[in-house]
Each structure stands twice: as structure tokens, then as C-alpha cells.
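These notes concern the structure reproduced below.
All of the numbers you see were taken from the coordinates with simple rules; none came from a lab. A quick note: this is a predicted structure, and the numbers were derived from the prediction, not measured. Positions of Cβ are backbone-derived with ideal geometry, glycine not excepted, and every protein chain shown enters the neighbour counts.
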Amino acid sequence: MKREIKYLFILLLVVISLTSCNNKNNVSDKELVAKYGSNQISTNDLYKKLKEKNGLDTILNEVDKDILNKLYKKNTAEDEYYQKELNTLMVTYQTRYSSTYSTFDEFITKVLGLKNQTEVEEAIRLNYKKRQATQEYLKNTITDKEINDEYQKEKGEIKASHILIAPENSSDAAKKKAKSFAQELIKRIEKGESFEKLAKEYSKDSKEKGGDLGFVNLDSLTKNFREALDKLKINEMTKEPVETEYGYHIILKTGEKKKASLKELREKIVQKLVKNKIEKNYSVTQAQALIDLRKKNKFKLYDIDLEKQYTAYVNNILN
């Protein structure tokens with residue numbers, strides 16, 4: 001259907017120049033789309049209606065799809081993204097909409113406004129390609145200063161051990177009990193008991209290794225755990241339990257490595273900066289990326305009304 005609309009627009013752009021001077025009541029059969037009683041709808045009439053309703057969105061969607069499909073070929077990462085998003089849609093349907101819509105196909109049509117699962121796949125894969133384009137666009141906007149500033153924040157990998165005391169359930173009483181027990185273990189360790197032995201006995205994580213996590217990257221850790229570990233010196237332990245969504249941790253820093261050079265970390269830093277920028281305002285950033293991509297592909301609108309709409313849209317996004 002979308003492809004038919006695309007070709008219809010192209011056809012109508014040609015026809016409009018031929019019919020613009022014709023009187024509405026004096027249209028040849030070749031220029032007619034429909035006729036009923038004494039009324040008639042010409043290609044010119046239809047074009048104006050389609051343009052007013054969603055002309056710009058339809059054209060941009062077709063242009064973007066064509067550019068992105070040529071630029072990015074299917075790969076394993078895209079397949080995995082598609083399967084993950086499709087599974088999410090399936091779960092959403094089963095948990096929230098199955099009582100309202102008898103089939104997944106009906107849910108797709110009524111809620112998503114798509115005709116069938118083929119269109120769902122097309123939409124999901126297009127979203128993935130838009131994200132690729134957005135990431136590449138952002139990569140080109142990152143400055144050396146941003147990279148150098150981020151490098152200064154980088155730390156080498158840190159070796160750590162922990163004892164995790166998890167509450168029995170999510171109640172306040174269970175959390176209070178878990179925290180109190182963690183505090184008790186800290187006191188026992190400070191009096192000389194073995195951290196490793198207590199971890200093997202009580203920890204809910206890394207129990208078999210005596211709580212040893214090995215060398216970890218701070219960026220991979222949850223916020224509270226990361227901040228607490230970052231403040232410790234080698235062989236120093238937290239004085240109070242550190243709360244995360246998993247429970248209460250007693251953290252011991254056991255070693256660290258010198259951070260790698262800027263050259264070695266550059267790509268990792270760029271990826272981190274891209275991720276941070278995307279998370280700040282993805283919809284606007286994606287719009288900027290697609291505007292830039294269309295410009296590189298010499299996109300031009302020849303319809304004056306649509307061109308004005310697009311110019312206003314671009315100015316709103318970029319300014």
C-alpha cells in the first residue's frame with residue numbers, strides 16, 4: 001500500500017501540471033479518479049486531499065526508507081533487534097490486549113495501524129536503520145575536546161570482592177533485616193573474621209569464589225555500587241552496606257590496573273558519548289540525523305506547499 005501511494009504521488013505530481021488550469025467541472029476521463037451523479041474527483045483533487053492529510057510524512061517515510069535500505073544491509077544485529085522487538089510486541093499483546101483483540105493480527109491493525117506482520121517487520125527494521133544513522137551522525141559531531149574530557153574521567157579496571165545480602169522479599173521489614181545483618185557482618189570482618197569465608201557462607205552472589213568479582217569496569221556496575229567502589233583504596237572495605245536493587249553489598253577493593261591510553265580507549269569513549277547523547281533526546285537527534293542524511297542525498301521537494309512545510313519542520317528541529 002505504501003509503495004502504491006509513493007507511485008501515486010509521483011504520477012500526480014506530473015498530472016497536476018496538466019490539470020491545474022482545467023475547470024473542476026470540465027475534466028477529461030483520463031484525469032478523473034471517481035465520478036458520482038453530477039460530481040467528480042480529479043487527480044488534482046485527490047492529490048490536494050492526500051497532500052493536506054499526510055503528504056509530507058508519506059514522502060519523507062518513503063525517501064528515508066529507500067535511502068536507509070540502500071545504506072544499511074540486513075545483518076545479524078538487525079535480525080536480533082527485530083526478534084527482540086517482535087517478542088516485546090507479542091508480550092504486550094498477550095498481557096494487555098488479548099482480551100480486546102482476538103488475534104495478534106487484529107492487534108497490529110487496530111492498535112499499530114499496520115496491515116500485517118510484514119509491515120510490522122518493515123517498520124521495526126526501518127527503526128533499527130534509523131538508529132544506525134543517528135549513531136553515525138552523532139559520531140561525526142563529537143569533538144576532540146569532548147573525547148579528551150571524557151578520557152580524564154576514565155579509570156583503570158578495579159578488582160573487587162563483595163558480600164551480597166538480599167532481602168527475603170520486597171517488604172520494608174525484610175529490607176531492614178537484610179541491612180542489619182550486613183552491618184553485623186561488617187563488624188565481624190573488622191574484628192578479624194575472613195571476608196572470603198563469610199562471603200562463601202552468606203553471599204547471594206559470587207558465593208563459590210568467596211565474593212571475588214575479579215577485575216571490573218566501573219561503567220558496567222550499578223550507580224551506588226560504582227560510586228562506593230570508586231572511593232575505596234586498595235584493601236579497603238565499605239564501612240556501611242551499599243544498597244542496590246539486588247540488596248545490600250559489603251564491598252572490598254582488592255586491586256586495580258592502570259587505565260589504557262587515549263588511543264586504545266578512543267572508540268570506547270566515542271561509543272559512550274554517542275550513547276549519552278542519544279539518551280538525552282533521541283527523537284530530536286534522530287530527526288536531525290535524517291535531515292542531514294536527506295541533504296547528503298540531495299533531497300528536494302518540487303511542490304511549493306510541501307516544500308514550505310518541510311522548511312518549517314527543518315527550522316523547528318535545527319533551531
Among ILE124, ILE234, ILE278: highest mean-square fluctuation, GNM of the chain, C-alpha pairs under 10 Å: ILE234
For segment 225-268, what is the number of Lys pairs with C-alpha distance below 27 angstrom, counting only pairs 8 or more positions apart or on separate chains? 20
Just one of [x] 66; [y] 39; [z] 52 is percent of Cα pairs over 27 Å apart calculated from these coordinates, so which is it? [x]
Just going by the charge dipole of segment 119-260, with Lys and Arg at +1 and Asp and Glu at -1 on Cβ, which of LEU185, LEU138, SER161 is farthest out on the positive end? LEU185
Name the trypsin sites (Lys or Arg not before Pro) in segment 232-319 that are in a loop by DSSP and that have at most 16 other C-beta atoms within 10 Å, would you? LYS233, LYS239, LYS257, LYS258, LYS259, LYS298, LYS300
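Which trypsin sites (Lys or Arg not before Pro) does segment 114-187 hold that lie in a coil by DSSP with at most 15 other beta carbons within 10 Å?
On the way: sites: LYS115, ARG125, LYS129, LYS130, ARG131, LYS139, LYS145, LYS153, LYS155, LYS159, LYS175, LYS176, LYS177, LYS179, LYS187; in loops: LYS115, LYS155.
When the trypsin sites (Lys or Arg not before Pro) of segment 114-187 are filtered for loop state and at most 15 Cβ neighbours within 10 Å, LYS115, LYS155 remain.
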Which of the aspartates and glutamates could be linked to LYS155 by a straight reach, that is with a Cα gap under 12 Å, when you skip same-chain ones fewer than 8 residues away? ASP219, ASP230, GLU256
Against the longest principal axis of the chain, how steep is helix 144-153, in degrees 0 to 90 to the nearest 10, with axes from Cα atoms? 30
How long is the gain from ILE142 to THR88 if the chain were fully straight, where each residue apart is worth 0.36 nm and the alpha carbon distance is subtracted? 16.2 nm
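How big is the charge dipole of the chain about its Cα centre, in debye rounded to the nearest 20, if each Lys and Arg gets +1 on its Cβ and each Asp and Glu gets -1 on its Cβ? Intermediate results must be reported in sequence, preceding the final value.
On the way: 61 positive and 50 negative charges, 105 e Å.
It comes to approximately 500 debye.
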Could you tell me how many degrees, from 0 to 90 and to the nearest 10, lie between the Cα long axis of helix 56-71 and the main elongation axis, the longest principal axis, of the Cα atoms of the chain? 60
GNM on the chain, C-alpha springs below 10 Å: top fluctuator among ALA228, ALA260, ALA34? ALA34
Going by a ≥ b ≥ c, the root eigenvalues of the Cα gyration tensor, does segment 41-95 fall in the rounded group (a/c under 1.5), the prolate group (a/b larger than b/c) or the oblate group? oblate
Shape call, segment 37-153: gyration tensor on alpha carbons, a/c limit 1.5: oblate
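Based on other C-beta atoms within 10 Å, arrange GLU154, GLU267 from fewest to most. The partial results should precede the final answer.
On the way: GLU154 16, GLU267 10.
Lowest count first: GLU267, GLU154.
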To make sure I understand the rule: partners must be lysines, Cα under 29 Å from the Cα of LYS110, and not fewer than 8 residues away in the same chain. Which ones qualify? LYS2, LYS6, LYS48, LYS49, LYS51, LYS53, LYS65, LYS74, LYS84, LYS129, LYS130
